[in-house]
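The values are calculated or read from the model by the stated rules, or taken from the named source; none is laboratory data. All values derive from a computational prediction rather than experimental measurement. Cβ coordinates were reconstructed from backbone atoms using ideal geometry, including for glycine residues, and neighbour counts include every protein chain displayed.
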Amino acid sequence: MWRTLFALLILTAGPAMAIEKPSFDVISSANDVEIRLYHPAILAQTQVSGDFKQVGSDAFQKLGGYIFGQNVTDEKIAMTAPVTQTQSPDGTYLVSFFMPSKHSLDTLPNPTDAAVTMIEMPETYFAVTRYRGGWSHEKYLDNEQRLKAAIDAMPDWEAAGEPVWARYDPPIMPSFFRTNEVLIPVRQTQP
């Protein structure tokens, strides 16, 4: 059983690695934390309520529906990675898919589900830490706290927004293979 699963993962790793990811430049890197400058991107997003783990599944039905053809032109849109999740101050979560870079707001079809909205993310600096493993809230919080402490120790950067959880792998990927990141928007404190 495990050999078959491992072989399947090896055979499917090629296409999974070909999934488009957002474009960014690494500005600096130290102690497993990068400062990245993300280029502008289009996001499909939806706001959902619930617990940390469940909201991703609930949001995927809406966002997945959009890219699988539930839009005004029935167009299928390529899946990208990561799927991001941010908790709002009111306790709800904003879950987003990056749209393929070939698209603009003008070329993407409108969603048929009013819960899905399209936004343009401007050029943004993020502090980022990457970790492997499962999708537990505790593991995310440990890495979020580690990233916040790293930002606090940086003389030239400060947090400028809410933490973002980024998941790069599908649920069928065994948890010990999963790649995840915590991103926090930052701004320079000195010119």
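Can you pull out every residue in the range 96-135 that is of a type in the set (A, V, I, L, M) and under 25 Å from ILE151 (Cβ atoms)? The answer is ILE119, MET121, ALA127, VAL128. Among the residues in the range 147-163, are any in a loop (DSSP other than H, G, I, E, B), of a type in the set (D, E, K, R), touching a residue at least 40 places away in the same chain (Cβ under 8 Å) and within 20 Å of LEU37 (Cβ to Cβ)? Yes, the range 147-163 has at least one match. Counting only residues that are surrounded by 14 or more Cβ atoms within 10 Å (Cβ to Cβ) and of a type in the set (Asp, Glu), the range 48-60 holds 1 of them.
Scanning the range 61-72 for residues that are surrounded by 15 or more Cβ atoms within 10 Å (Cβ to Cβ) and more than 9 Å from PHE97 (Cβ to Cβ) yields LYS62, GLY65, GLN70, ASN71. Considering only residues in the range 1-42 that are more than 19 Å from the chain's Cα centre (by Cα) and of a type in the set (Val, Ile, Thr), the one that is modelled with the highest pLDDT turns out to be ILE27.
For ALA127, the criteria (1) surrounded by 14 or more Cβ atoms within 10 Å (Cβ to Cβ); (2) closer than 18 Å to LYS21 by Cβ; (3) without any contact (Cβ under 8 Å) to a residue 40 or more places away in the chain hold in every case but one, which is (3). Selection of strands (runs of 3 or more DSSP E) fully inside the range 57-122 by the criterion of at least 1 residues being farther than 21 Å from GLU20 by Cα and in contact (Cβ under 8 Å) with a residue 60 or more places away in the chain returns 83-87.
Could you list, in sequence order, the residues of the range 93-139 that are of a type in the set (S, T, N, Q) and more than 16 Å from PHE24 (Cβ to Cβ)?
Hits for the range 93-139 are SER104, THR107, ASN110, THR112, THR117, SER136.
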